[in-house]
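Worksheet: the structure to be examined is printed underneath.
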Amino acid sequence: MALRDIIILPDKRLRKVSKPVARIDEDIRALVADMFETMYDAPGIGLAAIQLGVPQRVVTMDLSKKEDHGEPAVFINPEIVWSSEERSVYEEGCLSIPDIHEDVERPARVKIRYLDLDGTLKEAEADGLFATCIQHEVDHLNGVLFIDHISKLKRDRIVKKFTKVAKRTGLRGEGRGEGAYSQAQTRG
Ligand code: ZN
């Protein structure tokens, strides 16, 4: 297992559509192990592979710190196959957009279909934080960020702020990760 760098807005790779995993092999298992390590270190409750710059449809999640019933989970090629008309609002954040939190409205419940790490096809119904989190992560696989669900005014302000920081640190949207970002933040 190894810690990997999390890519940060405005890194263009965050806008890529990730490819379905064709075969769950050693590389995917190693990726998943690194994703868990990086996610716990951040710390975060969910991570999509593209946030490590890997355009594969893989998501890790662990809601156990937030909810009693959570446990570490891997979703390979996850699909939302049903969404409720009922909606709910959660304050979301993202490891690729550090220190920004905004209310996002999404379907309150979804049904998902995915493969687990053994390649078994599974279905699950999600509500509450799980529903929000899996929708946030599936968005990542489609190149969508939570700021796409807020007002354009707010989104433009956030993108501008991160673009400025990236320029100042010479990252220009191909950033190496959070370390460089936090240093820039400390410098003000
Ligand atoms: Zn995110």
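A few comments on the model shown:
- Note on the stretch 102-123: residues that are touching a residue at least 60 places away in the same chain (Cβ under 8 Å) and surrounded by fewer than 18 Cβ atoms within 10 Å (Cβ to Cβ) amount to 3.
- Counting the residues of the stretch 125-163 that are farther than 21 Å from residue 20 by Cα, assigned to a helix (DSSP H, G or I) and in contact with a helix residue (DSSP H, G or I) (Cβ under 9 Å, 6 or more places away or on another chain) gives 9.
- Listed by first and then second residue, the pairs linking a residue in the stretch 26-53 that is farther than 14 Å from residue 141 by Cβ and touching a residue at least 12 places away in the same chain (Cβ under 8 Å) to a residue that is surrounded by 15 or more Cβ atoms within 10 Å (Cβ to Cβ) and acidic (Asp, Glu), with Cβ atoms under 8 Å apart and 6 or more places separating them unless they lie on different chains, are 36/62; 39/62; 40/62; 42/178; 45/62.
- Taking the numbered list (1) out of contact with any Ser or Thr (no Cβ under 8 Å at 6 or more places or on another chain); (2) closer than 17 Å to residue 129 by Cα; (3) surrounded by fewer than 23 Cβ atoms within 10 Å (Cβ to Cβ) in turn, residue 61 passes all entries but (3).
- In this structure, residue 55 does not satisfy being within 12 Å of the ligand (Cβ to nearest atom) and surrounded by fewer than 18 Cβ atoms within 10 Å (Cβ to Cβ).
- Qualifying residue in the stretch 69-84 (condition: of a type in the set (D, E, K, R), at pLDDT 95 or above and touching a Leu at 6+ places or on another chain (Cβ under 6 Å)): no
- Residue 146 being touching a Leu at 6+ places or on another chain (Cβ under 6 Å), among the hydrophobic types (A, V, I, L, M, F, W, C) and modelled with pLDDT of 95 or more: no
- Any chance residue 50 is in contact with a His (Cβ under 6 Å, 6 or more places away or on another chain) and among the β-branched types (Val, Ile, Thr): yes
- Within the stretch 75-101, the set of residues being surrounded by fewer than 21 Cβ atoms within 10 Å (Cβ to Cβ), more than 14 Å from the ligand (Cβ to nearest atom) and not hydroxyl-bearing (Ser, Thr, Tyr) comprises 77, 79, 80, 81, 82, 85, 86, 87, 89.
- Residue 126 crowded, with 17+ Cβ neighbours inside 10 Å and away from the ligand (no atom under 16 Å from the Cβ): yes
The values are calculated or read from the model by the stated rules, or taken from the named source; none is laboratory data. Keep in mind that what you see is a predicted model, and the values were worked out from it rather than measured. All Cβ positions, glycine included, derive from the backbone under ideal geometry; neighbour counts span all protein chains shown.
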